[in-house]
Amino acid sequence: MLEEIIIAGFGGQGVMSMGQLLAYAGMLEGKGVSWLPSYGPEQRGGTANCAVVVSDETVGSPLVTNPSTAIVLNNPSFDKFESRVRPGGLLIINSSLVTRVSKRSDIEMIELTATDMAADLGNARVANMILLGAFIERTKVVSSDAIIESLKKVLSKGKHHLIEVNKQALNKGKTMVSIRV
């Protein structure tokens with residue numbers, strides 16, 4: 001198993017924490033992982049992104065140019081990464097904020113109104129966790145339990161009260177994907 005993932009959105013949407021959660025979860029499950037955040041001019045209104053690799057073997061390079069999966073949280077991220085998903089890959093879209101439509105027929109797409117669903121859960125900031133739940137349900141790259149355990153490392157102790165709503169959001173995303181099948 002080798003999963004190469006790009007996660008992209010605006011700063012503050014939880015892009016980096018999604019990547020960290022996947023990397024920690026992979027480590028907890030004894031997998032080879034890498035997490036490579038992209039900082040710089042992207043922070044000025046463009047896309048912030050990270051690359052995550054999760055593998056059953058040692059990861060040779062953290063660079064991801066043609067991901068097996070892209071998770072996009074906004075229009076600029078869609079514009080930048082939709083075309084890079086390799087044929088046969090997966091594109092997960094926060095359709096609450098992404099208004100673009102892919103014309104590709106060689107990839108699988110999962111569109112979720114994640115921001116709206118997160119608001120229904122009482123915290124619009126957990127939209128990222130809904131998308132992450134959809135991703136892990138579809139790919140089985142890591143378990144939900146490992147993601148929940150990783151939340152304890154990614155969230156500061158002062159934010160551990162948010163673990164429950166993050167867990168609800170993760171489960172919401174998983175449920176939405178299992179309904180689609």
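The values are calculated or read from the model by the stated rules, or taken from the named source; none is laboratory data. On a predicted model such as this, the values are computed, not experimentally measured, just so you know. Cβ sites come from the backbone with ideal geometry, for glycine too, and all protein chains shown count toward neighbours. These accessible areas exclude ligands, DNA and RNA; they are computed on the full protein's heavy atoms, side chains included. Shrake-Rupley method; radii C 1.70, N 1.55, O 1.52, S 1.80 Å.
Remark: residue 59 matches the filter, which requires a residue to be at pLDDT 90 or above, of a type in the set (Val, Ile, Thr) and more than 18 Å from the chain's Cα centre (by Cα). Checking each residue in the range 120-137 for being part of a helix (DSSP H, G or I), open to solvent by 10 Å² or more (accessible area, probe 1.4 Å) and over 11 Å from residue 13 (Cβ atoms) picks out 120, 137.
Residue 147: part of a helix (DSSP H, G or I), of a type in the set (A, V, I, L, M, F, W, C) and open to solvent by 30 Å² or more (accessible area, probe 1.4 Å), yes or no? No: the conditions fail for residue 147. Scanning the range 5-13 turns up one or more residues that are hydrophobic (A, V, I, L, M, F, W, C) and at pLDDT below 95.
The requirement of being of a type in the set (D, E, K, R) and either surrounded by 17 or more Cβ atoms within 10 Å (Cβ to Cβ) or within 24 Å of residue 53 (Cα to Cα) (or both) is not satisfied by residue 159. Tallying residues that are open to solvent by 20 Å² or more (accessible area, probe 1.4 Å) and at pLDDT 95 or above within the range 80-89 yields 6. Identify all residues within the range 1-32 that are open to solvent by 40 Å² or more (accessible area, probe 1.4 Å) and either in a strand (DSSP E or B) or of a type in the set (Val, Ile, Thr) (or both); write none if there are none. Matches in the range 1-32: 2 only. Being modelled with pLDDT of 95 or more, out of contact with any Lys or Arg (no Cβ under 7 Å at 6 or more places or on another chain), at negative phi and crowded, with 22+ Cβ neighbours inside 10 Å is true of residue 92. Touching a residue at least 12 places away in the same chain (Cβ under 8 Å) and assigned to a loop (DSSP other than H, G, I, E, B) - does that describe any residue in the range 34-44? Among the residues of the range 34-44, not one is touching a residue at least 12 places away in the same chain (Cβ under 8 Å) and assigned to a loop (DSSP other than H, G, I, E, B), which makes the answer no. Per the listing 174, 167, 140, the residue uniquely at pLDDT 95 or above, under 16 Å from the mean Cα position of the chain (by Cα), farther than 20 Å from residue 50 by Cβ and surrounded by fewer than 17 Cβ atoms within 10 Å (Cβ to Cβ) is 140.
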